[in-house]
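Inspection log for the structure reproduced underneath, given as structure tokens.
The values are calculated or read from the model by the stated rules, or taken from the named source; none is laboratory data. The structure displayed is predicted, hence computed values, not measured ones. Every residue, glycine among them, receives a Cβ derived from its backbone with ideal geometry; neighbour counts consider all protein chains shown.
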Amino acid sequence: MRPFAHILKVSVALGSWVVLLLIFCGSARAAEGDSPALWTAERALPGFFRVGLARSQAPEVALRAGVSYGFIDAFTGLYGPGHRLGGEAAVAYAPVKWGMMALDFSGRLDLFSWRGEGENGTGEPRLTLRGLLWEQERIGLGLQVDARFIGSAAPSIDFEATSPAIVGLLRVTPTDKSELGVELGVHIDRSGYAIDVPERLSAADRVTLSASAGAQLRFGLAYSQRLPPEKTLWLAEFRTDLLLDQGAAYLGQSPMTLSIGARHPLRGGLGLEGRLELGFSARPSEFTSGELIPIAPRAGLSVALLWAPEKKQPPAPKVPQPEEEPPPPPPPAQKEEPKPVLVEITGRVIDESGAGIPDAEIRIALGEEQLPSVWTNEDGSFRIEGIEENKTVSLEVHSTGFDIAKRTHEAKGEAPLEILLYEALPRGLVRGSVRDVLGGPLPATIQIEPDGPTIEAEPDGSFQVELAPGTYRIIFDHPGFGREMRSVTVIEHGVVILNIGLAR
């Protein structure tokens, strides 16, 4: 087959994988908790299908068993199609979270119904070691080493034909519902050393043995995504072992497979996997005497049963229950004290003429306790309620322009009280008149120092001013007349009389 056709087939395989990847990314939905069986891939290790997954694993055992069917198309040297029946069994163990090992056995039986080929079968065990090198929440790096033990006739093993492989693993977790895996490494395929005379092999034998002798570049790209139902894990994978030693002419005949499928958790740590696999490698146009090319089925289906122990939640710690204490004895019965009798105090606040004084404030004290004040009505009446009988109440009455009145009263519900307020005298008063030498009145300007007011005498010359007790200088002045000054002393509630005459 020409190189252009090889490139075309590889492009179709990669393009199909990218399309599936875009479909899965566009349909992402939230997932529920993981079942450990969902990540039990080939070899019973965490992975996609064949591509391994670089992620830590809790110390535990995992098992896997499956069956498969493959269709082998006819090509030059193979005169009719064939059918492959396969089986696999694997056990894996993770002694530590960053390291794990696995042992698996796979066998296949090819059925041909032409030219007497009949049946061909083979099987091989494989040992795998995997270690996690570095891991964060969204990315992980790992290293995997495995060896296939091949014999010329199963179940024998020819150690000269042991085929080792070493690959690096990369895991990227774009979201909580998806995962991307890449593997890249070298596979030293020595299975051809188990065949004594390759020239005697028929085409059917070559298909069944799928043997080769040389180095192969292993590359795998895989993606997983959760789609409804949300517990189901959907997977897509492209994988190839590029034949390096056979030359560019055989590069297109390298095994290339595209796999799609899903895993779904069952009960008791079990899981079920279904997979469809398509082969894209070119077929040889003819077999030369020493040529050994691995040939895989063109299409296949497989079903596998997976098991990994479920993660058990630790039991909740038992909380010791406190011992029940006997209930306390009931308190002794208390004698009910008689409720106090409340009375009201009524009365009236009046001035010296007997008229009622409205809006007078009555401050009430019951011992050291100060009760809310009450105010008199328009006629000077008041009412004080809620006073305990026989209690002594102190009353203090305030009203503008009147002296404060104090009264002590014993609450007995007697006749209304009558409280008399006296008009308050000024603290000090200076009054008099200002006249000229002929006795005529002068409306002079009167200035009081210090800190006193400046007033004008009345047209008849009289004046009056209230002052606090103290000594003052009083200056009398009128236009056209000489200024006069007097010094006076004002006492509490005292009156000073000044009659002043001004001369020109």
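Please enumerate the residues belonging to segment 357-376 that are surrounded by fewer than 16 Cβ atoms within 10 Å (Cβ to Cβ) and out of contact with any Ser or Thr (no Cβ under 7 Å at 6 or more places or on another chain).
366, 367, 368, 369, 370, 371, 372, 373, 375, listed by residue number.
Tell me which residues, restricted to segment 55-75, are more than 17 Å from residue 269 (Cα to Cα), among the small types (Gly, Ala, Ser) and at pLDDT 85 or above.
Hits for segment 55-75 are 68, 70.
Considering segment 456-504 alone, what residues qualify as being β-branched (Val, Ile, Thr) and in contact with a Phe, Trp or Tyr (Cβ under 6 Å, 6 or more places away or on another chain)?
488, 500
Please determine, by comparing only the residues of segment 467-482 that are assigned to a strand (DSSP E or B) and of a type outside the set (Phe, Trp, Tyr), which one is nearest to residue 431 (Cα to Cα).
So the residue we want is 474.
Regarding segment 163-182, can at least one residue be identified that is buried (at least 18 other Cβ atoms within 10 Å of the Cβ), farther than 21 Å from residue 235 by Cβ and more than 53 Å from the chain's Cα centre (by Cα)?
No, every residue in segment 163-182 fails to be buried (at least 18 other Cβ atoms within 10 Å of the Cβ), farther than 21 Å from residue 235 by Cβ and more than 53 Å from the chain's Cα centre (by Cα).
Would you check if there is a residue in segment 485-494 being closer than 20 Å to residue 450 by Cβ, out of contact with any helix residue (DSSP H, G or I) (no Cβ under 9 Å at 6 or more places or on another chain) and of a type in the set (Gly, Ala, Ser)?
yes
Restricted to segment 58-79, and to residues that are farther than 14 Å from residue 306 by Cβ and under 49 Å from the mean Cα position of the chain (by Cα), which residue is surrounded by the most Cβ atoms within 10 Å (Cβ to Cβ)?
Within segment 58-79, the match that is surrounded by the most Cβ atoms within 10 Å (Cβ to Cβ) is 68.
Somewhere in segment 80-101, is a residue touching a residue at least 60 places away in the same chain (Cβ under 8 Å), surrounded by 17 or more Cβ atoms within 10 Å (Cβ to Cβ), under 41 Å from the mean Cα position of the chain (by Cα) and closer than 20 Å to residue 271 by Cα?
Within segment 80-101, none of the residues are touching a residue at least 60 places away in the same chain (Cβ under 8 Å), surrounded by 17 or more Cβ atoms within 10 Å (Cβ to Cβ), under 41 Å from the mean Cα position of the chain (by Cα) and closer than 20 Å to residue 271 by Cα.
Pull up segment 155-209, narrow it to residues that are acidic (Asp, Glu) and touching an Asp or Glu at 6+ places or on another chain (Cβ under 9 Å), then point me to the one that is farthest from residue 132 (Cα to Cα).
205
Conditions: (1) out of contact with any Pro (no Cβ under 8 Å at 6 or more places or on another chain); (2) modelled with pLDDT under 90. Residue 492 meets all but one. Number of the miss?
(1)
Given the conditions (1) at pLDDT below 85; (2) out of contact with any helix residue (DSSP H, G or I) (no Cβ under 6 Å at 6 or more places or on another chain), which single one is not true for residue 6?
(2)
From the set of residues in segment 210-225 that are buried (at least 23 other Cβ atoms within 10 Å of the Cβ) and at pLDDT below 85, which is nearest to residue 190 (Cα to Cα)?
Per the stated criteria, the residue is 212.
From 469, 479, which residue is on the phi < 0 side of the Ramachandran plot, outside the structural domain of residue 381 (by TED's automatic domain parsing) and free of Cβ contacts under 8 Å to residues at least 12 places away in the same chain?
Sole residue among the options that is on the phi < 0 side of the Ramachandran plot, outside the structural domain of residue 381 (by TED's automatic domain parsing) and free of Cβ contacts under 8 Å to residues at least 12 places away in the same chain: 479.
I need the full set of residues from segment 415-429 which are surrounded by 18 or more Cβ atoms within 10 Å (Cβ to Cβ) and not small (Gly, Ala, Ser), in order please.
The answer is 419, 421.
Can you find, within segment 76-113, the residue that is farthest from residue 61 (Cα to Cα) among those that are modelled with pLDDT of 85 or more and in a loop (DSSP other than H, G, I, E, B)?
98
Select from segment 269-283 the residues that are assigned to a strand (DSSP E or B) and either surrounded by 20 or more Cβ atoms within 10 Å (Cβ to Cβ) or among the β-branched types (Val, Ile, Thr) (or both) and list them in ascending order.
271, 273, 275, 277, 279
Can you tell me how many residues in segment 408-454 are under 30 Å from residue 355 (Cα atoms), in contact with a His (Cβ under 8 Å, 6 or more places away or on another chain) and of a type in the set (A, V, I, L, M)?
2
With 452, 432, 501 as the choices, which residue is assigned to a loop (DSSP other than H, G, I, E, B), surrounded by 15 or more Cβ atoms within 10 Å (Cβ to Cβ) and among the small types (Gly, Ala, Ser)?
None of the others qualify; the one that does is 452.
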